[in-house]
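Student: I'd like to ask some things about the structure below.
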Amino acid sequence: MRIDVVTIFPDYLAPMALSLPGKARQRGLLDLRVHDLREYTYDRHRTVDDTPYGGGAGMVMRPEPWGEALDGLLAAGSAGDAPAATPRLLVPTPSGRRFSQADAARLAGEPWLAFACGRYEGIDQRVIDWASERMPVEEVSLGDFVLNGGEVAALAVIEAVIRLLPGFMGNPESLAEESHGADGLLEYPVYTKPALWRDHEVPPILLSGDHGRIAAWRRQQAVERTTQRRPDLLADGD
Ligand code: ADE
């Protein structure tokens, strides 16, 4: 999979050299390219923002550098230097649609993703409108809270997606039983050795060796947790 990230803070993506993502890149499973939006500015101060039309607090990202950055991606697509004609463009923003595990699974099937990381009050809406005429675009939110910019959200979405790529995980079975998996429940609590730690015991059933009863106990724990913490996940029709 190819992933392009456009940002004014390329260093935010540095963790992608670590751990499993780093290995995936070395093995050629992930082709990650980070672009500095300021490369597409031509004034002395490399300005990427300006005051909002209509007034109000904060600054808005100017459309021109974004247009050029996206032109570069489209040019790579039409020259055949990329795995598709256009990327699917993801724009992290608190006003986007809520990102979910189902989205991660869907995006893991795409050959080419690009992320437009906004800062300040956001990107001039015409960039999103113009891009939507040329490539699929999704504005996505991580949840009902506000980050300083799209970079941390892009990192989170990228990690959620690439860990689903075939061959990414050492042990793909660990994907089978996790929160937000097929059964729609939060994961049950987990324990390891020692069996007694600081007066806290591992639930004895887990030491019983009775796989049927262990599976039933885990399911009941998952239902209990989901009922207490995320009743919205159990609601009908969701
Ligand atoms: N950028 C700023 N806040 C965000 C959020 N909650 N989700 C995605 N992108 C964001």
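The values are calculated or read from the model by the stated rules, or taken from the named source; none is laboratory data. Owing to the predicted nature of the structure, the values given are computational and were not obtained by experimental measurement. Counting neighbours? That spans all protein chains shown, and the Cβs are built from the backbone with ideal geometry, glycine included.
Student: Please give the number of the condition Arg119 fails out of (1) within 16 Å of the ligand (Cβ to nearest atom); (2) at pLDDT below 95; (3) loosely packed, with under 15 Cβ neighbours inside 10 Å.
Tutor: Arg119 satisfies every listed condition except (3).
Student: Which helices (runs of 4 or more DSSP H) does the range 1-111 wholly contain that include 3 or more residues that are touching a residue at least 40 places away in the same chain (Cβ under 8 Å) and closer than 20 Å to Leu142 by Cα? Steps first, please.
Tutor: Working: elements: 19-26, 63-78, 101-107.
Fully inside the range 1-111 and qualifying: 101-107.
Student: Hey, could you check the range 163-191 for residues that are among the aliphatic types (A, V, I, L, M) and within 20 Å of the chain's Cα centre (by Cα) and say which is modelled with the lowest pLDDT? I'd like the intermediate steps shown before the answer.
Tutor: At the first step, the residues of the range 163-191 found to be among the aliphatic types (A, V, I, L, M) are 164-165, 169, 175-176, 182, 185-186, 190.
Keeping just the survivors that are within 20 Å of the chain's Cα centre (by Cα) gives 164-165, 169, 175-176, 182, 186.
Values: Leu164: 97, Leu165: 96, Met169: 88, Leu175: 77, Ala176: 72, Ala182: 83, Leu186: 97.
So the residue we want is Ala176.
Student: Being within 16 Å of the ligand (Cβ to nearest atom) and not in a helix (DSSP H, G or I) is the filter; apply it to the range 146-164 and report the residue that is nearest to Leu32 (Cα to Cα).
Tutor: Gly149
Student: Output the number of residues of the range 128-140 satisfying the condition of being part of a helix (DSSP H, G or I) and within 15 Å of the ligand (Cβ to nearest atom).
Tutor: Within the range 128-140, residues that are part of a helix (DSSP H, G or I) and within 15 Å of the ligand (Cβ to nearest atom) number 1.
Student: OK, next. Out of all the residues in the range 98-115, which are over 18 Å from Ala85 (Cβ atoms), surrounded by 17 or more Cβ atoms within 10 Å (Cβ to Cβ) and within 16 Å of the ligand (Cβ to nearest atom)?
Tutor: Phe99, Asp103, Ala104, Phe115
Student: Further, regarding this structure: Just need a number here: residues in the range 68-84 that are surrounded by fewer than 16 Cβ atoms within 10 Å (Cβ to Cβ) and over 22 Å from Gly109 (Cα atoms).
Tutor: So the count comes out to 5.
Student: Quick one: which of Gly143, Gly181, Gly167 is in contact (Cβ under 8 Å) with a residue 40 or more places away in the chain, within 16 Å of the ligand (Cβ to nearest atom) and assigned to a loop (DSSP other than H, G, I, E, B)?
Tutor: On the way: Gly181 fails: within 16 Å of the ligand (Cβ to nearest atom); Gly167 fails: within 16 Å of the ligand (Cβ to nearest atom).
Only one candidate passes the filter, namely Gly143.
Student: How many residues are under 23 Å from Met1 (Cβ atoms) and surrounded by 11 or more Cβ atoms within 10 Å (Cβ to Cβ) if we restrict to the range 163-222?
Tutor: First, pick out the residues of the range 163-222 that are under 23 Å from Met1 (Cβ atoms): 163-176, 178, 180-182.
Pick out the ones that are also surrounded by 11 or more Cβ atoms within 10 Å (Cβ to Cβ) and you get 163-165, 168-169, 172, 175, 178, 180-181.
Number satisfying all stated conditions: 10.
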